[in-house]
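Below you'll find the structure, written out as structure tokens, and then a few comments.
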Amino acid sequence: MNDERALDTAAEQQGYSPASTQTTLAGLRQQLGRNIFYVYRSSRKGSGEGGTGESPSSQPRTIVAFPSGDSALAFAQRNALGYAPQLQRLSLARLLMALLQQPGLAAVLFVAAEAAEPAAGRLPVGFRLERAALLQSLAA
């Protein structure tokens with residue numbers, strides 16, 4: 001099953017139509033200018049923002065999605081996010097599916113391709129898609 005069909009299925013299970021899902025996906029793809037992003041999984045337990053691993057914290061999480069693998073790893077290393085961060089290549093549909101299916105996930109931050117490297121402890125500049133905004137878009 002490809003990522004877009006998996007997203008449609010996940011959305012249908014929550015009462016959203018495949019048409020609204022595909023419209024939202026196409027709009028975001030056009031706005032972001034890409035379909036593939038890179039995130040990291042930190043090997044450190046309880047990693048905070050950026051990782052895709054489950055965090056024991058009750059704080060809402062944010063996935064930070066980078067335009068390149070190099071920028072994702074540089075961010076993870078600069079912020080000491082685990083001793084061996086693992087890179088994952090994910091489609092936009094897969095990131096939206098995670099945001100849709102995981103209530104503990106507050107947002108996905110899509111880092112701008114031309115974003116300057118932020119100081120350690122700061123998130124890079126980009127487009128932040130909140131879970132609530134995604135659900136509102138799917139309901140429209």
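Every number in this text was worked out from the coordinates using simple rules, so none of it is lab data. In this text the structure is predicted, and so the values were computed from the model without any measurement. A quick note on method: Cβ atoms are made from the backbone with ideal geometry, for glycine too, and the neighbour counts reach across all protein chains shown.
Given springs between every Cα pair under 10 Å in a Gaussian network model of the chain, which of Arg41, Arg122, Arg94 has the largest fluctuation?
Arg122
Give the residue from Leu73, Thr23, Gln136 lying farthest towards the positive end of the charge dipole for the range 3-139; charges sit on Cβ (+1 for Lys and Arg, -1 for Asp and Glu) and the dipole is referred to the Cα centre.
The residue sitting farthest along the positive end of the dipole is Leu73.
Using amide H atoms built 1.01 Å from N in the peptide plane, name the residues 5+ places from Gln88, or on other chains, whose amide H lies under 5 Å from its own.
Sorted by chain and number, the residues that satisfy this are Val39, Tyr40, Arg41.
In deg cm²/dmol and to the nearest 500, what is the mean residue ellipticity at 222 nm of the chain if only DSSP H runs of at least 4 residues count, each as -39500 (n - 2.57), divided by the residue total?
-12000 deg cm²/dmol
Treat every Asp and Glu Cβ in the chain as -1 and every Lys and Arg Cβ as +1, leave all other atoms uncharged, and give the resulting dipole magnitude about the Cα centre to the nearest 20 debye.
For the chain, the charge dipole is close to 300 debye.
Cα centroids of the range 97-135 and the range 1-33: how far apart, whole angstrom?
The distance from the Cα centre of the range 97-135 to that of the range 1-33 comes to 18 Å.
Please compute the contact order of the range 69-140 in relative form: average sequence separation of alpha-carbon pairs under 8 Å and at least six residues apart, divided by the residue count, as a percent.
25
Scan around Ser68 for amide H atoms under 5 Å from its own, H built in the peptide plane at 1.01 Å from N, and keep only partners 5 or more places away or cross-chain.
Result for Ser68 returns Tyr38.
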